Amino acid sequence: MHPVSALAAIPVALLLSSRLRFLHPKFSVPDPTTCAVLITGVSGGFGAAFGNDLAGLGFVVYGTVRKQDDADALAAGGVIRPVVLDVSRPEDVTAAVDRIGSELRAEGRRLCAVVNNAGLTGMDRTRHLKTEVVGAEHYERVFNTNVMGMVQVTEAFLPLLKVASGRVVNIGSYFGSFAPGIPPFAPYIASKHAVEGLTDVWRRALRGAGISVSLVKPGDFSTKLNPLPGAKKDLTPVVEAVRDAITSPSPLARYHVGSVAVKLKGLPVAIACRLLQVVPDVVVDAVLR
């Protein structure tokens, strides 16, 4: 085989092996009639789509929002139980655990999954910065939500998840593997690299407790909260990935969903992320500069 062909075959082989179900451990499958799911960040976009889908399967769905107006809108809809919570505020998380735990005990339900979806790009404050290095204050803001918030929520709800041998689903991004040389993106990219590492640690550490931990890595999708020219608006593939991570007896470690709309335009995320693992850095640097 030609060396170039052999190199191109490596990411394909890695992708195929990662999706073979028999290689993945089996976990107890949650019963929607006795289970609840918590999703952070459901005011729109992915979070709302996840919540509506899982509620349609019969799960009781709790969804967090930061604004009371959004909570009122959810309550009026009657599909998702609203929880006013800023994931970066420990006191909000503690109050949510107390409330949800109390309601579940009263209803005879268990918390079977936490979907860590809340996040921000930080681009609203960094997009127009003319600097090679973005200031630390921007990293602090993004990390407080995308990383520390995810840690706080997962840690706080872990006792409830252990009772149900539940699931943790972290919403990452292909930017967890993909780092173009665009300084305003740096806080977001760094946060998604952190999510990758945390997910790997948790998946290996919590397996013994019967808890599965999966990472969903969407490509470029356009939502009302994050309009992206040239990206697909149909969120169905991402919704299906989250559903599988919660309901499959053998959930995948990683779900690569969609394609890249910039730089590697049109390339499936599954191939792009695996390819970046094996292509020499000097080549990647030339493409992503």
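The values are calculated or read from the model by the stated rules, or taken from the named source; none is laboratory data. Everything numeric here is computed off the predicted structure, so don't read it as measured data. Every residue, glycine as well, gets a Cβ built from its backbone with ideal geometry; the counts of neighbours run over all protein chains shown. With ligands, DNA and RNA removed, areas are computed over all heavy atoms of the protein, side chains included. Shrake-Rupley method; radii C 1.70, N 1.55, O 1.52, S 1.80 Å.
Summary table below
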item: Residue ID - surrounded by the most Cβ atoms within 10 Å (Cβ to Cβ), chosen from residues in segment 51-65 that are in contact with a helix residue (DSSP H, G or I) (Cβ under 9 Å, 6 or more places away or on another chain) and over 17 Å from ILE100 (Cβ atoms); result: ASP53
item: Count of residues meeting criterion [farther than 19 Å from VAL151 by Cβ, part of a helix (DSSP H, G or I) and of a type outside the set (D, E, K, R)] in segment 73-100; result: 5
item: Filter pass, VAL114 being closer than 21 Å to ALA194 by Cα, part of a strand (DSSP E or B) and either touching a residue at least 40 places away in the same chain (Cβ under 8 Å) or among the hydroxyl-bearing types (Ser, Thr, Tyr) (or both); result: yes
item: Odd one out for VAL169, checked against (1) open to solvent by less than 40 Å² (accessible area, probe 1.4 Å); (2) in contact with a Ser or Thr (Cβ under 8 Å, 6 or more places away or on another chain); (3) in a helix (DSSP H, G or I); result: (3)
item: Verdict on VAL213 being modelled with pLDDT under 95, touching a Leu at 6+ places or on another chain (Cβ under 7 Å) and either of a type in the set (Ser, Thr, Tyr) or surrounded by 14 or more Cβ atoms within 10 Å (Cβ to Cβ) (or both); result: no
item: Condition met for ALA186 (more than 16 Å from ARG167 (Cα to Cα) and more than 16 Å from the chain's Cα centre (by Cα)); result: yes
item: Test: residue in segment 217-224 that is among the hydrophobic types (A, V, I, L, M, F, W, C), surrounded by 17 or more Cβ atoms within 10 Å (Cβ to Cβ) and either within 27 Å of SER28 (Cα to Cα) or free of Cβ contacts under 8 Å to residues at least 24 places away in the same chain (or both); result: no
item: Odd one out for ALA241, checked against (1) assigned to a helix (DSSP H, G or I); (2) open to solvent by 30 Å² or more (accessible area, probe 1.4 Å); (3) without any contact (Cβ under 8 Å) to a residue 40 or more places away in the chain; result: (2)
item: Some residue of segment 109-119 being at pLDDT below 95 and open to solvent by 40 Å² or more (accessible area, probe 1.4 Å); result: yes
item: Residue within segment 29-36 that is modelled with pLDDT of 90 or more and not in a loop (DSSP other than H, G, I, E, B) present; result: yes
item: Residues being in contact with a Ser or Thr (Cβ under 7 Å, 6 or more places away or on another chain), open to solvent by less than 10 Å² (accessible area, probe 1.4 Å) and in a loop (DSSP other than H, G, I, E, B) - total across segment 252-277; result: 1
